[in-house]
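What follows is a single structure, written as structure tokens, with notes after it.
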Amino acid sequence: MIEMQGVYKTYPNGVTALNGIDTRIDQGEFVYIVGPSGAGKSTFTKLIFREEKPSKGSILINDFDLSTMKQRQIPKLRRNVGVVYQDFRLLPRLTVYENVAFALEVIEEHPSNIRTRVMDVLDQVRLKNKARFIPDELSGGEQQRVSIARAIANRPRILIADEPTGNLDPETSWEIMHILEEINAEGTTILMATHNREIVNTVRRRVIAIEDGMIARDENRGDYGYEI
């Protein structure tokens, strides 16, 4: 599903963010990516949806070889990988409905299918009644749920959640976590980069800990493992 072999990433300023990553993540897994700030977590996730390219090594995502991928193939890859950001990244002038629909319009989904799919995913994240609202009219937790709906609208096989609870209070964080668990239960692979110790230690899943650009720990049903 996701396989990295000997992956290195060095940025133009000379900083080596990843220093020999070897790992495999199978379809349907839920994996926490943890580690100190600056350890390489963001680079790790960015490589998976080709926002960054590896300096060395191979990355296989389903049938895609990201190391040799042509620029024109990237949109096809990203139809299989949804991304949820800490800062939501919603389009401020569009309604909730339009924000989610936009994700389907850019892949040229047939208009007759868009409305049905948008309302289905808004129902899944408990926001069907807020379809006509704009982002500024929503709470932070509601905006994050719109972000999730947008990310899963085209049924990606992989969902990357980059600090999805980072800007939210504990109760709202658990609401987001329950939605992510439901999405995972339907077969979507989830990689969640997080500093949320309580969630990792309560909902035990596979934990990949990255330190100094290397995998320091890879445990099934692991714990957070760091003092905050």
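Just to verify a number: FRET efficiency for Lys53 and Arg155, C-beta to C-beta distance, R0 = 30 Å, to 0.05? List each step's numbers first, then the result.
Numbers: r = 26 Å, r/R0 = 0.86.
According to the calculation, E is roughly 0.70.
Using Cα pairs under 8 angstrom and six or more residues apart, how large is the relative contact order of the chain, in percent?
Rounded, it is 28 percent for the chain.
Whole percent per 10 Å bin, from 0 to the bin with the longest distance: what is P(r) over all C-alpha pairs of the chain?
So the P(r) values, bin by bin, are 8, 33, 36, 20, 4, 0.
Can you give me the angle between helix 96-105 and the longest principal axis of the chain, using Cα atoms only, in degrees from 0 to 90, rounded to the nearest 10?
So the helix axis and the longest Cα principal axis differ by about 60 degrees.
Any idea what diffusion coefficient the range 27-155 gets from Stokes-Einstein, in µm²/s, Kirkwood Rh on alpha carbon pairs, 25 °C, 0.890 mPa s?
Numbers: Rh = 16.2 Å.
Here the translational diffusion coefficient equals 152 µm²/s.
Given a 1.4 angstrom probe, what's the average accessible area per residue across the range 90-155, in square angstrom? Write out the running numbers ahead of the final one.
Numbers: 3540 Å² over 66 residues.
Here the per-residue accessible area is 54 Å².
Report, in deg cm²/dmol and to the nearest 500, the calculated mean residue ellipticity at 222 nm for the chain, where each DSSP H run with n ≥ 4 adds -39500 (n - 2.57) and the sum is divided by the residue count.
That comes out to -9500 deg cm²/dmol.
Give me P(r) over the range 90-155, computed from all C-alpha to C-alpha distances, binned every 5 Å, as integer percentages.
4, 21, 36, 24, 12, 3, 0
Choose one of Gln144, Pro92, Ile114: the residue whose Cα lies farthest towards the positive end of the charge dipole of the range 90-155 (beta-carbon charges +1 Lys, Arg; -1 Asp, Glu; about the Cα centre).
Of Gln144, Pro92, Ile114, it is Gln144.
At q = 0.24 Å⁻¹, what is the log10 ratio I(q)/I(0) for the range 136-228, with the Debye formula run over Cα points and no solvent?
Values, matching the q order: -1.37.
So if we plug the beta-carbon distance of Asn13 and Glu98 into 1/(1 + (r/R0)^6) with R0 = 45 Å, what FRET efficiency do we get, rounded to 0.05?
0.75
Measure off, as a whole percent, the carbon and sulfur share of the 1.4 Å-probe accessible area of the range 90-155, all protein chains present.
Working: 1670 of 3540 Å².
Heavy-atom surface of the range 90-155 belonging to carbon and sulfur, 1.4 Å probe: 47 percent.
Stretched out fully, how many nm does the piece from Met214 to Asp87 gain, at 0.36 nm a residue minus the Cα gap? Could the numbers behind the result be given before it?
Working: separation 127, 0.36 × 127 = 45.72 nm, distance 2.63 nm.
The Met214-Asp87 span can extend by a further 43.1 nm.
Could you tell me the calculated FRET efficiency between Ile134 and Glu108, based on Cβ-Cβ distance and R0 = 30 angstrom, to the nearest 0.05? Don't skip to the answer; put the middle values down first.
Details: r = 25 Å, r/R0 = 0.84.
Efficiency computed from Cβ-Cβ geometry: 0.75.
Size of the dipole of the chain about the Cα centre, Lys and Arg at +1 and Asp and Glu at -1 on the beta carbon, nothing else charged, in debye to 20?
Roughly 740 debye for the chain.
Within the chain, what is the number of lysine pairs with alpha carbons under 22 Å apart, leaving out pairs fewer than eight places apart on the same chain?
Taking the chain as the scope, the lysine pair count is 13.
At q = 0.13, 0.17, 0.18, 0.27 Å⁻¹, what log₁₀ I(q)/I(0) does a Debye calculation on the Cα points of the range 46-93 give, no solvent, two decimals?
Log-scaled intensity ratios, in q order: -0.35, -0.55, -0.60, -1.05.
Using modelled amide H (1.01 Å from N, peptide plane; none on Pro or chain starts), what sits under 5 Å from the amide H of Val84, excluding residues fewer than 5 places away?
Ile160, Ala161, Asp162
Expressed in nm to one decimal, what extension gain is obtained for the pair His178 and Asn201 from 0.36 nm per residue of sequence separation less their Cα-Cα distance? Intermediate results must be reported in sequence, preceding the final value.
Values: separation 23, 0.36 × 23 = 8.28 nm, distance 1.48 nm.
Contour length minus the Cα-Cα distance gives 6.8 nm.
The values are calculated or read from the model by the stated rules, or taken from the named source; none is laboratory data. Keep in mind that what you see is a predicted model, and the values were worked out from it rather than measured. Glycine gets a Cβ as well: all are built from the backbone with ideal geometry, and neighbour counts include every protein chain shown. The protein model used for the area step is the full one, side chains on, heavy atoms only, and it has no ligands, DNA or RNA in it. Shrake-Rupley method; radii C 1.70, N 1.55, O 1.52, S 1.80 Å.
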